[in-house]
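Read through the structure below, which is laid out as structure tokens, and then see the notes.
Bear in mind that the values in this text are calculations on the coordinates, not laboratory data. Quantities reported herein were computed from a predicted structural model and do not represent experimental measurements. Positions of Cβ are generated from backbone atoms using ideal geometry, with glycine treated the same way; all protein chains shown enter the neighbour counts.
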Amino acid sequence: MWVLLALLVLSAVMATIDRQVMALVVEPLKKDFGLSDFELGLVQGLSFGLFYCVAGIPLGRLIDKYNRVRILFLGILSWSIMTMLCGFSSTILQFFFFRVGAAVGEAVLHPAAYSLIADTFPPKRMVRAVMIFLTSVLFANGLAFIAGGAVVKAITSLPELPFGLRPWQATFFLVGAPGLVLAAFFLMVREPDRLSGDREGLATFGDSIRYIWGRRRDYGPLYGCSLLLAVPTMTTYLWMPTHFIRTYGLDASTSGYYIGVIYLVLPALGGFAGSVITEKWQNAGRHDASMRIVLLCALIGTVGGLAGIMSRLEHTLVLMLPLALIPVAYYANIVALLQLLTPSRMRGVNSALLLLATNLGAAALASPLVGAMSDTLFAGKPWGLGAGVALVNVSCGMLAAAIAVSSLERFGRVMRDSVERPSGPSHVL
């Protein structure tokens, strides 16, 4: 089972690097295709983010119905080829469609990975397995800028490239190519047995939706906490660099450096600590351990959310440290609970819906709402953006904490029932 997890981690790292590499070649892309910043934003956001979220739902249905390992193989193969083809684009329309293709391929990864982990690891080990997988994603965000920057620098320094490629084109080709090798390894992996839901036969998409709606009192708190606790991380990425520039007079490079260093390591540490505490509490008989971790993260997020209203830079950075500890810790526990609640034949759809609700919902709160507050409530104030970030983050943290408190008993029963269920992990490879 650890070999499968290692392959999933490598897939997550590869997908993240493929996704983030565009940020390193924005200027040459803009120049070669004659794009405005608005058009460039559509290519970066619409061509990937929207299709990535929406495609996950029908792909989740396929994951629930067919061989997950083979679907994952096709997904990795697809996004790798599409990333390489981005390097051969001669028009912006071609580039747009290749990015959409890469997004659809990558949309397979998370629903398939969560479903495979749930059927491979026992309930008490599931949080740690999900934590390792999620940590690799956040770590790869930092790695993408470090390794990707080195690739771009090396390619740019070459006197001439084959086939008349420009440096940004060669970058996409080199970043996508290793995925072809990784995909081949999944041909040697055996599909693990589905440990729940098989007796009921194949579930339709309608069956999945009706099941989720029928247990909305269970799923609602998970979806709600996931969405609300994603907001602080998203506001940090979207708005805090600009807040640093406006309020503290930093340049863009220094602002990015501060945030990059904080979020390169601390989410992994927080995720590891969260998984250790969860297992310790579970072994001590606290069946509500996972939701207690979510509650703890909500309280930490509420305090850390005040970072935006600090008058001194060092105070802001200190409050951002605990804020960076929570993303993996809370989400790993939410994903683990989601898998335990859901029959195996419905996990792909449910995981895709969670991803859709979390990403789009948090984006709606983190981006336009903060901007609107800065333009209206705090108009003309250099610290107005930070105040908007703080107000949104603290509100989301408090609401998530209230939801978690009200759900402790319910999810204690869920975990107790899953531990007592007579099923064990299946083996792969």
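Here are the numbers for this structure:
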quantity	calculated
Computed lengthening from Ile277 to Leu238, 0.36 nm per intervening residue step minus Cα-Cα distance	11.0 nm
Estimated inter-spin distance, Leu360 and Met398, nm [label 7 Å along Cα→Cβ]	2.9 nm
Pairwise FRET efficiency - Leu377 versus Asn67, Cβ, R0 = 41 Å, nearest 0.05	0.20
The chain - Debye-derived log10 I(q)/I(0), Cα point model, q = 0.06, 0.08, 0.12 Å⁻¹	-0.25, -0.45, -1.02
Anchor Lys30: aspartates and glutamates whose Cα lies under 20 Å away (excluding residues fewer than 8 positions away in-chain)	Asp18, Glu39
Per-pair calculated FRET efficiency, R0 = 22 Å: Phe97 and Leu165 via Cβ, rounded to 0.05	0.70
Within a Gaussian network of the chain (alpha carbon springs, distance under 10 Å), most fluctuating of Leu264, Leu353, Leu93	Leu93
Candidates Thr302, Thr254, Thr278: whichever shows maximal mean-square fluctuation once the chain is modelled as a Gaussian network with Cα springs under 10 Å	Thr254
Helix runs (DSSP H) in the chain reaching 15 Å along axis by Cα, Kyte-Doolittle at least 1.0	2-20, 68-86, 92-106, 123-156, 289-304, 313-341, 347-364
Set of aspartates and glutamates near Lys65 by C-alpha distance (under 17 Å), chain-local residues within fewer than 8 positions excluded	Asp119, Glu191, Asp193, Asp198, Glu200, Asp207
The stretch 212-421: radius of gyration over Cα atoms, expressed as a fraction of 2.2 N^0.38 Å	1.06
Lys/Arg +1, Asp/Glu -1 at C-beta; the stretch 1-189 dipole; positive extreme among Val137, Ala112, Phe98	Ala112
Segment Leu321-Val3, length gained on full extension (0.36 nm per residue, minus Cα span)	111.2 nm
Trp239, Trp79, Trp281 arranged by Cβ crowding within 10 Å, fewest neighbours leading	Trp281, Trp239, Trp79
Eligible aspartates and glutamates near Lys280 by straight Cα distance, threshold 15 Å, same-chain separation 8 or greater	Asp288
Cα→Cβ-extended label distance, 7 Å offset, between Ala184 and Asp417, nm	4.6 nm
